[in-house]
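Structure, as structure tokens:
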Amino acid sequence: MHATLELARRIDRAEIDFCAMATMGVSQDAATLERGGGLAVYAAPSSPVNKVLALGLGVECADDDLDAIEDFYAERGCPVQIELCPLTSPDLPSRLSKRGYVLQAFENELARLAPTEPVQSSSDADITVEVGAAEHPWLEVVAEGFSVPDRLVPGSPPVPHDAVAAIGDVMRLFVHPDIVRYVAHVNGHPASAAVSFVKDGVMCIAGTATRQAFRRRGLQRAVVARALNDGRDKADLIIATTEPGSVSQRTFERCGFRVVYTRAILVKY
């Protein structure tokens, strides 16, 4: 699998199109704007889907497009976050820099073809993966899992005391009927979770999180394997986005994924 413009556009558009679909009807303030080949999404204050993807991928992105995107977020009192694929128009990074965008972080986009044979899950008999889990246990696991970082990077801000509640409020937006929720249990205790969705033949596995007390036990791999097996007849391409060098990245790589490109996250306040 090679990082071609066609593949990058397919991945970025599937991800951002679903973000838009999942938030419409859930958040009364949700809105989108299509410009420069990309899609700008706004869901709610501090939502992780307040961002722009696929900008300039095989499509001209003019200054008028950037003006419109910035006005779109300014009207909502929201910073502009453009997650820029390295296959975008060569002149776009420097143009964004001149406009005051600051490089905030990177994220890896991983992908693999849908498996032709069943993917082996954890051999731990104590682990079971529930598909189509109810909202409450799923929300509880992801809120607690994301509130405690798996690794502390020097310079990272401290975790807020109300992180679990804040993350829970954000994740409640992800209750669209096309989203499949997974919860892995250990001896009946909900311990790890993820979601998947399919858009235009692309399945995305996202929101992988494990409660701190249950980490390093193969739970995330069990969830990813189950999602992969579910995707065999639904999609031809399966993707995931991870923090570079994270435990999640290593888990996906063990499940046959590879990094196809790294996005630069550019923000303008």
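Only the coordinates and a few stated rules stand behind these numbers; no lab work does. None of these values were measured; they are calculated from a predicted model. So basically every Cβ, Gly included, is an ideal-geometry build from the backbone, and we count neighbours across all protein chains shown.
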Roughly what angle does helix 219-231 make with the longest principal axis of the chain, taking Cα atoms, 0 to 90 degrees, to the nearest 10?
70
For the range 24-51 versus the range 7-23, the gap between their alpha-carbon centres in whole angstrom:
12
Averaging over all projection directions, find the projected area of the Cα convex hull of the chain and quote it in nm² with one decimal place.
14.0
Sorted by chain and then number, the residues having a modelled amide H within less than 5 Å of the amide H of residue 237, at least 5 places away or on another chain, are 114, 203
Inter-part gap, Cα centre of the range 64-142 to Cα centre of the range 201-269, in whole angstrom, is 11
Could you tell me, in Å, what Rg and Dmax come out for the Cα atoms of the range 1-151?
18.4, 57
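As a check on your grasp of the helix formula, calculate [θ] at 222 nm for the chain: sum -39500 (n - 2.57) over DSSP H runs of n ≥ 4, divide by the residue count, round to the nearest 500.
-9500 deg cm²/dmol
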For the chain, the longest principal axis of the Cα atoms and the Cα long axis of helix 63-74 enclose an angle in degrees, to the nearest 10, of 60
With label points set 7 Å from each Cα along the Cα-to-Cβ direction at residue 134 and residue 31, the distance between them in nm comes to 3.8
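Dipole magnitude of the chain about its Cα centre, charges +1 at Lys/Arg Cβ and -1 at Asp/Glu Cβ only, in debye to the nearest 20? It would help to have the intermediate numbers written out before the result.
On the way: 27 positive and 35 negative charges, 180 e Å.
It comes to approximately 860 debye.
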Partner aspartates and glutamates whose C-alpha sits under 19 Å from that of residue 268, ignoring same-chain residues fewer than 8 away, are 34, 63, 64, 65, 67, 70, 71, 75, 83, 91, 107
Taking Cα atoms only, helix 5-23 is inclined relative to the longest principal axis of the chain by an angle, in degrees rounded to 10, of 80
Excluding residues on the same chain fewer than 8 positions from residue 234, give the aspartates and glutamates whose Cα lies under 17 Å from its Cα.
15, 117, 178, 200
Calculated from backbone phi, Karplus (6.51, -1.76, 1.60) coupling profile of the range 132-139 in Hz, x at Gly/Pro
x, 4, 5, 5, 5, x, 4, 4
Once you keep just the Cα pairs under 8 angstrom separated by 6 or more residues, what percentage relative contact order results for the chain?
26
